[in-house]
There are 2 protein chains.
Amino acid sequence: MHHEHRTARRNFLKKASIGGALALSIPQIVSAGMAAAGTGNEQPAGSARSRIKLKEGAVVLFQGDSITDAGRNKEEQSANNGSALGGGYAFLAACELLYRHAGKNLSIYNKGISGNKVFQLAERWDQDCIQIKPDVLSILIGVNDYWHKHNGNYDGTVQVYRDDYRALLDRTLKQLPNVQLIIGEPFAVNRVKAVDDSWYPEFDAYRAAAKEIATEFKAAFIPYQEIFNKAERSAPGSYWTPDGVHPSLAGANLMAHAWMETIEK
Amino acid sequence: MHHEHRTARRNFLKKASIGGALALSIPQIVSAGMAAAGTGNEQPAGSARSRIKLKEGAVVLFQGDSITDAGRNKEEQSANNGSALGGGYAFLAACELLYRHAGKNLSIYNKGISGNKVFQLAERWDQDCIQIKPDVLSILIGVNDYWHKHNGNYDGTVQVYRDDYRALLDRTLKQLPNVQLIIGEPFAVNRVKAVDDSWYPEFDAYRAAAKEIATEFKAAFIPYQEIFNKAERSAPGSYWTPDGVHPSLAGANLMAHAWMETIEK
C-alpha cells in the first residue's frame, strides 16, 4: 500500500512536471487545479486580472453547509471572531485574509449551517446574507442536495438545485448589485466511507450545475473536485476527507488555499 | 490616525524595499524578520540547510502558555484533532504542516496551558512532553514569567526563568536525545492595553534569555518580537494583539507563518 502510494505519487509528479524539470508541490497543485478547470486564474503570478480585489473595509461572508459551518459558535455574531468562524476552510481563509490584507480593515463572517441545501439558504437569506451586506459572498452548497436525495430523505432533483440556486443569486444581486460572488464546486471523494459508485454519474450533474451557475453569474469558481482529485496523488482520499464529504484539517487547508487563489494578492 | 498609519506604512515600505524596486509583502516581512534576527534562516528559498527536516511519521508537539493553548479542548487526546489543537498559531501551523507534508503521516499535538510559566511546564513535563515522544518540540514560554512578577503575583526573576528553562531542556534531551527543538521568543506589543513602558527594559531580558538558551541548545529560534514589530508597519499593534500579549487571528497567523519558516519545505 505504501509502495503503491509512493509509485502513484512519482507517476503523478512525473506527469505534472513542467517541461520535465520541475515537480509540483502541494501548493502548486492547487494553482494547477484552478488553472486546469478554466477558472480564469490561469494568469502567471503577479497578473491578477480576474481575481477579486478587496477594497478597504470590505465585508466577506462565507455561506454553505456543514463544510463551511465546521462547528462554529452560532451565539457569537461579531466579525473576525475565531469561534464564530468555526474550525474549517472558512476559518483558515479568514486568518489568511486578515494576515495578508492587514491594512484593509476587513470584516469576515461565517454563516454556514450543517445539513443545509440550497433552499434552506434561501429561507434564512435575509438575515444571514442580505442584512450583512457582503462585498464578497462565497457560497459552497450542493452536496446535501444530492446526498439527502440519495439517502431517501429529500425529493429535490438537480433541476431543483439549479433553479433554487439561480433564484437565490437573482435575489441576491437585486438587493446587493455590487456583490462579488465566489461559488465553490460541490465535491465528494469516491470510495471513502459515505461515498461510493452509486453516487455517479448523478452527483456529477450537481457539480456541473454549480459551474454553469458560476459562469452565468460571472462568479469566481473554485473547482474543489479537481483539487481533491489531484491531492489524492500525494495522500489517500481519506487523508483529505475521512468520510468522503467532510474535510480533515489538511483538506480544509487545501480548500482554504484554493479559496485564496480567487483573491487578488 | 488613519493618515498617520498610511504614512508610517509608506515610510516602512520605502525603508524595506530592496534596491528601491520591490516593496515587501506581509509574508516577506516574516522572512525578513527571521533573517534580520539571525536565526540561521538567511538562506535564499530552496537552500534550507538549517531548517528542520520532518521525517515520515514525525511527532510534532507544541508547548507553552495561553498563546499556544488558545482555547484547546483538553479532553481530546488524539493527534491532528481540530479542537485539541485550539484556535491559535499551533492550530494554523498544524493545518499548514498537514497540508504541505501530506505524505508524511505526521502526528501533531498541542499541550499549551493558559497562565503557565516555565516551572509549570516542568511540573507536567513527563505526561505532556516526554510520554508523547516528540521528534519536533516547539516551546513558547516566558511572557507570564515576567507578567505575573510585574503584577506582584510571582517572585521568579529572569535568572529563575533562565535556570528553569535550561534545566527543563537538559532533562528533555536526556530522555529524548534526538528531539529537534524550536524555541519561540516571548514577545509583547508595547502601549497596547496590558503592556506599557513599565515593562521595559526588564521584559527584554526574558527575550534575551530565550534567545541565549536557543543558541545553547542548538534550537531553531523564532524572533516573534521582531516579527510583531515589523507587522506594526502595516497595521497597528492592537490589530495583531488586542491586549498586547495574546494574538488576534491575524497575529496568530503571523506567528504560524514564522513558525513554518523553521521547517524544511
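Derivation of every value follows stated rules applied to the coordinates shown; laboratory data play no part. All values derive from a computational prediction rather than experimental measurement. Every residue, glycine as well, gets a Cβ built from its backbone with ideal geometry; the counts of neighbours run over all protein chains shown.
Data for the structure
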{"item": "For segment B:60-76, 3J(HN,Hα) per residue [Karplus equation, 6.51 cos²θ - 1.76 cosθ + 1.60, θ = phi - 60°, Hz, x = Gly/Pro]", "result": "10, 10, 9, 10, x, 10, 4, 5, 7, 3, 6, x, 5, 7, 7, 7, 8"}
{"item": "Test item: B:241-249 mean partner chain Cβ contacts at 10 Å", "result": "2"}
{"item": "Charged-residue dipole, Cβ positions (Lys, Arg, Asp, Glu), the protein assembly as shown about Cα centre, Debye nearest 20", "result": "1480 debye"}
{"item": "Label 7 Å beyond Cα on the Cβ vector: B:SER78 copy-to-copy distances, nm", "result": "3.2"}
{"item": "Taking B:VAL192, B:VAL30 and counting other C-beta atoms within 10 Å, the order from fewest to most", "result": "B:VAL192, B:VAL30"}
{"item": "Distances in nm from A:PRO201 to the matching label points in the other copies, shortest first (labels 7 Å along Cα to Cβ)", "result": "7.5"}
{"item": "Restricting segment A:76-106 to chymotrypsin sites (Phe, Trp or Tyr not before Pro) in coil, as DSSP defines it, with at most 12 other Cβ within 10 Å", "result": "none"}
{"item": "Length-normalised contact order of segment A:119-265 in % [C-alpha pairs under 8 Å, at least 6 apart]", "result": "24 percent"}
{"item": "Inter-copy separations for B:GLU264, label at 7 Å along Cα-Cβ, nm, ascending", "result": "4.0"}
{"item": "Euclidean distance of C-alpha centroids, segment B:198-265 and segment B:78-147, integer Å", "result": "17 Å"}
{"item": "Viscosity 1.002 mPa s, 20 °C: Kirkwood-radius Stokes-Einstein D of segment B:94-251 over Cα pairs, µm²/s", "result": "128 µm²/s"}
{"item": "Beta bridge orientation in the protein assembly as shown: antiparallel %, DSSP, nearest 5", "result": "10 percent"}
{"item": "Ranked by how many other beta carbons lie within 10 Å on average, peptides B:78-84, B:228-234 from highest", "result": "B:228-234, B:78-84"}
{"item": "Reach of A:LYS230 by Cα under 16 Å, taken over lysines that are not fewer than 8 positions away in the same chain", "result": "A:LYS14, A:LYS15"}
{"item": "Amide H within-cut-off set for A:ILE108, under 5 Å, with H built and near neighbours excluded", "result": "A:VAL60, A:ASN80"}
{"item": "Dipole of segment A:2-260, positive direction: furthest Cα of A:SER78, A:SER31, A:ILE182, with charges on the beta-carbon", "result": "A:SER31"}
{"item": "Shape category assigned to the protein assembly as shown from the gyration tensor of Cα positions, a/c cut at 1.5", "result": "prolate"}
